[in-house]
């Protein structure tokens, strides 16, 4: 029979909530920057310039097929060997953005492909330039189409912030490891940690569902 130390749980909760602030900062920044970087990458991927399109395709393959933790280590330890020392938070953030930007670029590309060619032709027929047609006609429809997969990717980003604890970033996972070292109460601490991540991602999923409802086309 499992017995929980209630007093320990009450002492651990404020520490983990403090780490949640760092988790939120890292996760929200990673999501916002990944959205922007993914858009830049997909513009390269669909470019008519073959060299640009090929470079973007190779980039996507590289970042999607290597673990994000390895990328974090490369930025944190590898660059330090060449005199470039990044804080753990910065290295973790950059790695999350580089990898998830590649995934989001492919999500964007699927959304762009789902928009009928007639929509682009209609924009051009109205006298809009190609760039303006893309921004005003194609992109808004593509975004609406890919909201569910974007929401899933946001959940992945938020969970992957835990990997930054390997770089001594004081997020929830890092604080949980310190608490376990001090108390040896691994089961209780990891249970609270799992519940906090569950609450965080459930709130994020709720926000994404609200955004989907807000962006749905009028009937």
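The values are calculated or read from the model by the stated rules, or taken from the named source; none is laboratory data. Note that the coordinates shown come from a computational prediction; the quantities given were computed from them, not determined experimentally. Virtual Cβ from ideal backbone geometry, glycine too; neighbours counted across all protein chains shown.
All told, residue 209 falls short of being over 26 Å from residue 144 (Cα atoms) and either under 19 Å from the mean Cα position of the chain (by Cα) or surrounded by 11 or more Cβ atoms within 10 Å (Cβ to Cβ) (or both).
The residues in region 47-65 that are surrounded by 17 or more Cβ atoms within 10 Å (Cβ to Cβ) and out of contact with any helix residue (DSSP H, G or I) (no Cβ under 6 Å at 6 or more places or on another chain) can be counted, and the count is 1. Looking across 204, 178, 191, one residue alone is in contact with a helix residue (DSSP H, G or I) (Cβ under 9 Å, 6 or more places away or on another chain) and within 24 Å of residue 102 (Cβ to Cβ). It is 204.
In region 1-24, the residues that are closer than 13 Å to residue 176 by Cβ never reach a residue that is modelled with pLDDT under 90 and surrounded by fewer than 16 Cβ atoms within 10 Å (Cβ to Cβ) with C-beta atoms less than 6 angstrom apart, at least six apart or across chains. All told, residue 35 meets the bar of being in contact with a helix residue (DSSP H, G or I) (Cβ under 7 Å, 6 or more places away or on another chain), in a helix (DSSP H, G or I) and under 18 Å from residue 204 (Cβ atoms). Listed here are the helices (runs of 4 or more DSSP H) enclosed by region 66-185 that have at least 2 residues being over 14 Å from the mean Cα position of the chain (by Cα), crowded, with 19+ Cβ neighbours inside 10 Å and in contact (Cβ under 8 Å) with a residue 60 or more places away in the chain: 88-114, 172-183. Screening residue 42 with (1) under 16 Å from residue 166 (Cβ atoms); (2) modelled with pLDDT under 95; (3) in contact with a helix residue (DSSP H, G or I) (Cβ under 7 Å, 6 or more places away or on another chain) gives one miss only, at (1).
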